[in-house]
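Right, one structure below, let's go through it.
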Amino acid sequence: MALNDVEHCELHDVHKDLVNKINAEMPSEDELYDLAELFKVFGDSTRIKILFALFESEMCVCDIAETLNMTQSAISHQLKILKQSKLVGNRREGKSIIYFLADDHVRTIIDQGINHIEE
């Protein structure tokens, strides 16, 4: 896409007060990187399905795999990513590992995304 195809200002007139205000509020590069990485985790429909399942109930890998009609290995791989991103937690119950949403923020992020695409 050529520059002429993109709408832009006809006059280069920077509003310094506005630029300075926004730059003062801008998160650090590390925070922005971490945020981008978090949103990448939401970029996989299998992980989204797992989160939806966990909205309903805490579940073991066997139950998640059965619910999503996938292998336990595939589910375990995705759960590892979700756990590393602090979106899910787990605990041992006997011979089972039970997975659950890490906190209510996960549901809020998904709910906001659903609201956005349904508008």
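Restricting attention to segment 63-86, the residues that are in a helix (DSSP H, G or I) and open to solvent by 50 Å² or more (accessible area, probe 1.4 Å) total 10.
Residue-level check: of (1) within 26 Å of D34 (Cβ to Cβ); (2) in a strand (DSSP E or B); (3) open to solvent by 30 Å² or more (accessible area, probe 1.4 Å); (4) not hydroxyl-bearing (S, T, Y), G89 misses just (3).
Hey, any hits in segment 25-35 for a residue that's assigned to a helix (DSSP H, G or I), in contact with a Leu (Cβ under 7 Å, 6 or more places away or on another chain) and open to solvent by less than 100 Å² (accessible area, probe 1.4 Å)?
There is no residue in segment 25-35 that is assigned to a helix (DSSP H, G or I), in contact with a Leu (Cβ under 7 Å, 6 or more places away or on another chain) and open to solvent by less than 100 Å² (accessible area, probe 1.4 Å).
Residue by residue, here is whether (1) farther than 26 Å from G113 by Cα; (2) of a type in the set (A, V, I, L, M, F, W, C); (3) modelled with pLDDT of 95 or more holds:
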| site | (1), (2), (3) |
| --- | --- |
| C9 | yes, yes, no |
| F39 | no, yes, no |
| R47 | no, no, yes |
| V61 | no, yes, yes |
| I81 | no, yes, yes |
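Figure legend. Inter-residue proximity from segment 31-56: first residues in contact (Cβ under 8 Å) with a residue 40 or more places away in the chain and farther than 15 Å from H77 by Cα, second residues among the polar types (S, T, N, Q) and open to solvent by less than 100 Å² (accessible area, probe 1.4 Å), beta-carbon distance below 7 Å, spacing 6+ or different chains. Indicated pairs: L38/S85.
The values are calculated or read from the model by the stated rules, or taken from the named source; none is laboratory data. Here the structure is a predicted model, which means the values were calculated and not measured. As a convention, Cβ positions derive from the backbone with ideal geometry for all residues, glycine included, and neighbour counts pool all protein chains shown. Each accessible area value is taken on the protein alone, full model and side chains, heavy atoms only, with ligands, DNA and RNA left out. Shrake-Rupley method; radii C 1.70, N 1.55, O 1.52, S 1.80 Å.
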